[in-house]
Amino acid sequence: MSETKKIFIDTDCGIDDAVAIMLALSSPEVDVTGISCVAGNTDIDSVIKNVCGLLSFFCRTDIPVYRGFPHSLIGTKLNADDVHGKGGLGGVELEAIGKRVEKKNALDGLLEAAKANPGLTLVTLGPLTNIAAALNLYPQLKGLIGEIVVMGGAIGPGNVTKYAEFNFAFDPEAVTSCLSCEMPMKILTWDATVELTFTEKEYDALDMGGSEPGDLFLDLQRFYMNYKERTYGKRVINFPDPLTMACVIDPDIITASENMGLRMVLDRNSEKRGASLDAAAENQKADGKAQVITECSRDRFTSLIKRIKDYPC
Ligand code: RIB
Ligand code: CA
């Protein structure tokens, strides 16, 4: 097995973030050096509570958790209670026994982890607020972080508006700022997420029940499946953050990607605000380039996600 990959996770810990973190903890290919919290799916205090509860559940209270921004760079928020429930975990309550957030803030926590692990992979599962602020405050991070792997954006239809995906819509200025740093970046978009949607039959075939972590997986996803049925009229499910984490754990899962210049729409009066445009296609100047993941292997993802059921906690 190749060397364990040191990763640092930034999350707005909702339902799919929790599953992505469970997947990382269940995978020997990656070593989680720290987790920073950012407002997004729910408020920052609930994000912190969810992450601490998850690490306590998985007996990994050794992993430091850091408090980040409670809103976007310009002080705004979006609400995702309909998708993730109040508190962010679809009504699931996880008790943080013996686990508290660090005194050090998210920006300093990321810098500490990057200095201790040069070449670190930064995995972002929420709005990019913390990351934009950290790169601005500590430019030396550009030489310490090996790669940023981002869940966000939509080249086709979005999930917050028909143009924009949630993480990018929550803080589009932060996305522009991160893109302009010209660091090695992969982006798993909403398009690639939807491309790997599971029907209820395919989801049930994962057969995740029968262990504590497997039962937690099912409890978390129940709310999201019901949301999908309520809003789209079909009992289907997709996994934006877990698929992003899977691309870090097993890069061979990526079956198609495109090196793309992206341009964010920032106009606060535009219905397209938060959209991530293919700059070349729109004949616009790019904010920066990224490897946009457009397709992943369903079989490889399925075999990875099943690991959660067998986590020995
Ligand atoms: O648009 C999906 C993304 O927004 C996921 O990361 C989800 O957790 C929310 O943060
Ligand atoms: Ca997320």
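Kindly establish whether residue 199 is surrounded by 19 or more Cβ atoms within 10 Å (Cβ to Cβ), closer than 21 Å to residue 231 by Cα and of a type in the set (S, T, N, Q). Quick ask: steps written out before the conclusion?
Working: surrounded by 19 or more Cβ atoms within 10 Å (Cβ to Cβ): no; closer than 21 Å to residue 231 by Cα: yes; of a type in the set (S, T, N, Q): yes.
Considered against the rule, which asks whether it is surrounded by 19 or more Cβ atoms within 10 Å (Cβ to Cβ), closer than 21 Å to residue 231 by Cα and of a type in the set (S, T, N, Q), residue 199 comes out as no.
Look through 73, 78 and report the one residue that is in contact with a helix residue (DSSP H, G or I) (Cβ under 7 Å, 6 or more places away or on another chain), more than 16 Å from ligand 2 (Cβ to nearest atom) and farther than 13 Å from residue 223 by Cα.
Of the residues listed, the single one that is in contact with a helix residue (DSSP H, G or I) (Cβ under 7 Å, 6 or more places away or on another chain), more than 16 Å from ligand 2 (Cβ to nearest atom) and farther than 13 Å from residue 223 by Cα is 73.
Which pairs have Cβ atoms under 7 Å, sit 6 or more apart or on different chains, and link a residue in segment 37-52 that is closer than 13 Å to residue 21 by Cα to one that is crowded, with 24+ Cβ neighbours inside 10 Å and acidic (Asp, Glu)?
Between residues of segment 37-52 that are closer than 13 Å to residue 21 by Cα and residues that are crowded, with 24+ Cβ neighbours inside 10 Å and acidic (Asp, Glu), the close pairs are 47/12.
Filter segment 1-47 for residues that are among the hydroxyl-bearing types (Ser, Thr, Tyr), within 22 Å of residue 313 (Cβ to Cβ) and within 12 Å of ligand 2 (Cβ to nearest atom) and give the result.
11
Tell me which residues, restricted to segment 1-49, are of a type in the set (S, T, N, Q) and within 16 Å of ligand 1 (Cβ to nearest atom).
The answer is 11, 36, 41, 42, 46.
Out of 267, 171, I need the residue that is at pLDDT 95 or above and either surrounded by fewer than 22 Cβ atoms within 10 Å (Cβ to Cβ) or more than 22 Å from residue 35 (Cα to Cα) (or both). Which one?
267
Which ones in segment 95-138 are assigned to a helix (DSSP H, G or I), under 23 Å from residue 77 (Cβ atoms), of a type outside the set (Val, Ile, Thr) and touching a strand residue (DSSP E or B) at 6+ places or on another chain (Cβ under 7 Å)?
Those that are assigned to a helix (DSSP H, G or I), under 23 Å from residue 77 (Cβ atoms), of a type outside the set (Val, Ile, Thr) and touching a strand residue (DSSP E or B) at 6+ places or on another chain (Cβ under 7 Å): 106, 109, 110, 130.
State all residues of segment 81-100 that are in contact (Cβ under 8 Å) with a residue 60 or more places away in the chain, within 22 Å of residue 129 (Cβ to Cβ) and surrounded by fewer than 20 Cβ atoms within 10 Å (Cβ to Cβ); if no residue qualifies, say none.
Scanning segment 81-100 gives a single hit, 82.
Can you tell me how many residues within segment 203-219 are surrounded by 13 or more Cβ atoms within 10 Å (Cβ to Cβ), free of Cβ contacts under 8 Å to residues at least 40 places away in the same chain and either among the hydrophobic types (A, V, I, L, M, F, W, C) or in contact with a helix residue (DSSP H, G or I) (Cβ under 6 Å, 6 or more places away or on another chain) (or both)?
1
Is it true that some residue in segment 5-15 is more than 23 Å from residue 139 (Cα to Cα), modelled with pLDDT of 95 or more and of a type in the set (Lys, Arg)?
no
What pairs come out if I take residues in segment 1-24 that are free of Cβ contacts under 8 Å to residues at least 60 places away in the same chain and among the polar types (S, T, N, Q) and pair them with residues that are more than 8 Å from ligand 1 (Cβ to nearest atom) and assigned to a loop (DSSP other than H, G, I, E, B) whose C-beta lies under 9 Å away, six or more apart or interchain?
Going by the 9 Å Cβ cut-off, the qualifying pairs are 2/29; 4/28; 4/29.
May I ask you to say which residue of 94, 78, 73 is farther than 19 Å from residue 308 by Cβ, more than 15 Å from ligand 1 (Cβ to nearest atom) and not β-branched (Val, Ile, Thr)?
73
If you scan segment 220-242, which residues turn out to be out of contact with any helix residue (DSSP H, G or I) (no Cβ under 6 Å at 6 or more places or on another chain), of a type in the set (A, V, I, L, M) and within 14 Å of ligand 1 (Cβ to nearest atom)?
Correct list: empty.
For residues that are within 23 Å of residue 8 (Cβ to Cβ), more than 12 Å from ligand 2 (Cβ to nearest atom) and out of contact with any strand residue (DSSP E or B) (no Cβ under 9 Å at 6 or more places or on another chain), tally how many sit in segment 145-174.
Here the count works out to 2.
The values are calculated or read from the model by the stated rules, or taken from the named source; none is laboratory data. Every value quoted in this text rests on a predicted model; they were computed, and no experiment measured them. When we count neighbours, we look across all protein chains shown, and the Cβ atoms used for this are built from the backbone with ideal geometry, even at glycine.
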